[in-house]
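Rule-based calculations on the coordinates, nothing more; no lab input. It should be emphasised that the depicted structure is a prediction, and the values quoted were computed from it without experimental measurement. All Cβ positions, glycine included, derive from the backbone under ideal geometry; neighbour counts span all protein chains shown.
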Amino acid sequence: MSQSRAGGDRSFVRPALDGLVPYEPGKPVEEVQRELGLERVVKLASNEGPYGPFPAAQEAMARAALDLNRYPDGGAWRLRSVLAEKHGVRFEEVTVCAGADAVVGNVCLATVDPGDEVVTGWPSFASYVIDPLKLGGVPVRVPLEDERIDLDAVLAAITERTKLVFIAAPNNPTGTTNDRAELDAYFERVPPHVLTVLDQAYFEYVDGTSYPDGVAEYLARGHRVLVLRTFSKIFGLAGLRVGYGIGPADVITAIGKVRRAFDVTSIGQEAALASIHEEAEIARRRAANKEAMALLHNVLREHALEPAGPAVANFLFVRVGDAEGLNEALLRRGVIVRPMGSFGAPDALRITAGTPEEVAFLGDALAALDAPVGAAPR
């Protein structure tokens, strides 16, 4: 075998990628069924909504399927226009990408040079660290305080080299969020050379008057912020990968220069357009999630597992000690949850609130474990 096919010179690959561990998604249901020979498997690992696309979206997808011989609208013009109108912003302030995660990657690609710093609470969403590292950026991880992002500590970590600050509200994986007063205080103090990326991927799940709308309350007031939203969660379109960012026009223009053409499928765009104004269905799913979260919380506490809180999205975070051991034990019983080592919490699991029946299945699996389950390492 030639040297090039065998691996070649290590200098061929950029040094920034040395030691980089790529994002590892949760296991698919089919893989677990095949590996373990299980008939029933429940996935509570990836914070997906437990219900499929809205009925209106399903109809739109069927219509769009007839034209799949054509490339999608590369600029997502209709979807951007509708989103701009919905949020009361200009068309030039909206980008649509293949999921909110793609907006994270694209804003890093557009702004981060080698040596630039990117500040994030930690543990938090892994892409806030992985994407800057790909570019030679320097992630600055700020430890959480009581499983919540410490915005005062985030501000203290900002230097002249800081390009971006990522704030997940709610935070993934802990499910906690900073309230309006905390975020107001942060935006009053953050230096003007910093772009804050306020990730509100779970925005539609949050029910409370103290939770701010990042677009209406920070971008509209002139703060330098890129607000992220997605159709992957409450809208039930995770498999189609449609997310968006709303922010300063110069940032959106820069993202447009680095995002891939045709990255959002025709079916994805049409499904999103059909879902945007379905307020009654959004409210119904928000209420169903609230009930499922209460059930999940109770199931975990019944087995001496205390989730972080208050959790306001569609998942719970719990420190269990031997997270890999409990994860494997649950897998063998047909429940897929998410170990949090790659998110910076090797002693924790993140568990999505599924349907009531799926949460009950988790409870049965926990009850069937031979060894006692507790917060201490086993």
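Amide H contacts of N172 (H built 1.01 Å from N, in plane; Pro and chain starts excluded): F125 sit under 5 Å, all sequence-distant by 5 or more or on other chains. Placing a label point 7 Å from the Cα of R284 along the Cα-to-Cβ line, the residues of the stretch 291-320 whose backbone N sits under 18 Å from it are 291-292.
Evaluating 6.51 cos²θ - 1.76 cosθ + 1.60 at θ = phi - 60° for every residue in the stretch 249-260, the Karplus couplings come out as 4, 5, 5, 4, 4, 5, 4, x, 7, 10, 6, 6 Hz, glycine and proline recorded as x.
Considering only L109, P192, Y244, and ranking their Cα positions along the charge dipole of the chain that arises from unit charges at the beta-carbon of Lys, Arg, Asp and Glu, the one farthest toward the positive end is L109. Over the C-alpha trace of the stretch 53-128, radius of gyration and Dmax come out as 16.7, 48 angstrom.
If a/c stays under 1.5 just call it rounded; otherwise compare a/b with b/c (prolate if a/b is bigger, oblate if not). Do that for the stretch 54-203, with a ≥ b ≥ c from the square roots of the Cα gyration tensor eigenvalues. Don't skip to the end; give the middle numbers.
Details: a/c = 2.08, a/b = 1.75, b/c = 1.19.
Because a/c hits 1.5 or more and a/b exceeds b/c, the stretch 54-203 counts as prolate.
Averaging over all projection directions, the Cα-based convex hull of the stretch 238-288 occupies 4.8 nm² in the image plane. Of the trypsin sites (Lys or Arg not before Pro) found in the stretch 231-278, the ones in coil according to DSSP and having at most 15 other Cβ atoms within 10 Å of their Cβ are R260.
Here, P(r) means the percent of Cα pairs in each 10 Å bin from 0 to the largest distance; for the stretch 106-168 it is 25, 55, 18, 1.
Dimensions of the stretch 202-293 along the principal axes, based on C-alpha atoms and rounded to the nearest Å, stand at 42, 34, 21, largest first. Extending 7 Å from Cα along the Cβ direction at A367 and again at E35 yields two label points whose distance is 2.7 nm. Cα centroid distance between the stretch 190-250 and the stretch 11-45, in Å? Comparing the Cα centres of the stretch 190-250 and the stretch 11-45, I get a distance of 27 Å.
Using only the Cα atoms of the stretch 126-200, what semi-axes does the equivalent ellipsoid have when each is the square root of 5 times a gyration tensor eigenvalue? Give whole Å, largest first.
Over the Cα atoms of the stretch 126-200, the ellipsoid semi-axes are 19, 16, 10 Å.
Quick one: Debye curve from the C-alpha atoms of the stretch 1-101, no solvent, what's log10 I(q)/I(0) at q = 0.13, 0.18, 0.20 Å⁻¹? With no solvent term, the Cα-only Debye profile gives -0.96, -1.08, -1.12. Using the Cα coordinates of the stretch 279-378, the gyration tensor eigenvalues translate into equivalent-ellipsoid semi-axes of 24, 15, 12 Å, sorted from longest to shortest.
For G137, the residues 5 or more places off, or on other chains, whose built amide H falls under 5 Å of its own are G115.
Scalar couplings 3J(HN,Hα) for the stretch 349-361, obtained by applying the Karplus form with A = 6.51, B = -1.76, C = 1.60 to θ = phi - 60°, are 10, 10, 10, 7, 7, x, 6, x, 5, 5, 5, 5, 4 Hz; x denotes Gly and Pro. Between A294 and D67, the distance separating the two model label sites (each 7 Å from Cα on the Cα→Cβ line) works out to 4.5 nm. Within a straight-line Cα-Cα reach of under 30 Å, K290 can be paired with the following lysines, leaving aside sequence neighbours fewer than 8 residues apart in one chain: K27, K43, K86, K233. Could you compute the longest span of the chain free of chymotrypsin sites (Phe, Trp or Tyr not before Pro) located in DSSP loops and having at most 16 other Cβ atoms within 10 Å, not counting the site residues? Longest site-free region, per DSSP loop and neighbour criteria: 52-261.
Taking θ as phi - 60° and the Karplus parameters 6.51, -1.76 and 1.60, the scalar couplings of the stretch 101-111 work out to 4, 5, 5, 4, x, 6, 5, 5, 4, 7, 10 Hz in sequence order, x denoting glycine and proline. Over the chain, the reciprocal of the mean inverse Cα-Cα separation, the Kirkwood hydrodynamic radius, stands at 21.8 Å. Residues whose amide H comes within less than 5 Å of that of G99, counting only those at least five positions distant or on another chain, are V242, G243 (H built at 1.01 Å from N in the peptide plane).
Determine the relative contact order of the stretch 174-249: mean sequence separation of Cα pairs under 8 Å and six or more apart, normalised by residue count, in whole percent. Kindly include the intermediate steps, with their values, before the conclusion.
Details: 87 pairs, mean separation 22.5, N = 76.
It rounds to 30 percent for the stretch 174-249.
Relative contact order, whole percent, for the chain stands at 23, derived from Cα pairs under 8 Å and 6 or more residues apart. Subtracting the Cα-Cα distance of A156 and D184 from 0.36 nm times their residue separation leaves 8.5 nm of extension gain.
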